[in-house]
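Student: Got a structure for you, questions after.
The values are calculated or read from the model by the stated rules, or taken from the named source; none is laboratory data. As the structure is a computational prediction, the values presented were derived from the model and not from experiment. Methodologically, a virtual Cβ is constructed for each residue, glycine included, from the backbone with ideal geometry; neighbour enumeration extends over all protein chains shown.
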Amino acid sequence: MRFLKSRLTGSKKRIIGWLFTSLVGAVGLTWRVRFYGRAYIDDLTAKKKPFVIVFWHGDMLMGWYFHRNRKYSSLVSMSRDGDLLAEILRQWKYTVIRGSSSKGGKDARARMEYLLRKGHVLVVTPDGPQGPRYEMKMGALRTAQKTGVPIVSVTFQVDRALFLNTWDKFTIPLPFTRIIVSYRAPEMVHPELNGDDLDEYREDFEKRMKPGIVST
């Protein structure tokens, strides 16, 4: 989404955000969606338990859309593109945390841990904001481990979509397409995992997140 040459004013961001969420909402009504494993997050929500949701950066249009209006918290980079994404997510009722591994990371981690301990649900794209694609960074796992909350991965399969020429092959599902949304069972990151053992767990988690259908 690297198309912003300068920072937008607040009013322009709100207008673009409204147009975007309205368009996605209209197209989303035509999608034929099947959920697998959604009972995992429904159960955690019913018990008012905090948790971390992760999905790949290229799938974030679907990821953000299918979890909208739940008052979840989300991590958004400090980039210009992140400014617009933050506005879109606010319109979808997310609490936005600004920061990434390269900028504002320490403050963002502290804020994420604070919100999880307060009972929020945190949504993260673990290969963002700059990739490489499908390479999971350690941040989401360490945050879940430190706060003692489960982590749930979500993957998406789409029959028909546009794939942008970006590092993450950003996916835009076409109208009337079929989408499969799959949740894996919640996992607890053992508090004593560290060093090579934690990295091995990260690699295994990453492999299990790999999608069944990948654009090339």
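Student: Return only the number of the condition from (1) exposed (fewer than 13 other Cβ atoms within 10 Å of the Cβ); (2) in a loop (DSSP other than H, G, I, E, B); (3) in contact with a strand residue (DSSP E or B) (Cβ under 7 Å, 6 or more places away or on another chain) that residue 162 does not satisfy.
Tutor: That leaves (2) as the condition not met.
Student: Still on this model: For the subset of the stretch 118-139 comprising residues that are small (Gly, Ala, Ser) and at pLDDT below 95, which member is nearest to residue 76 (Cα to Cα)?
Tutor: 128
Student: Tell me, yes or no, whether the stretch 146-153 has at least one residue that is under 20 Å from residue 24 (Cα atoms) and either in contact with a Leu (Cβ under 6 Å, 6 or more places away or on another chain) or loosely packed, with under 13 Cβ neighbours inside 10 Å (or both). So that I can check it myself, show each step before the final result.
Tutor: Pass one, the stretch 146-153, residues under 20 Å from residue 24 (Cα atoms): none.
Checked the stretch 146-153: no residue is under 20 Å from residue 24 (Cα atoms) and either in contact with a Leu (Cβ under 6 Å, 6 or more places away or on another chain) or loosely packed, with under 13 Cβ neighbours inside 10 Å (or both).
Student: Give me the pairs: first residue in the stretch 51-79 and more than 19 Å from residue 108 (Cβ to Cβ), second residue of a type in the set (S, T, N, Q) and at pLDDT 95 or above, beta-carbon distance under 6 Å, and six or more apart or on different chains, which are they?
Tutor: 58/171; 59/171
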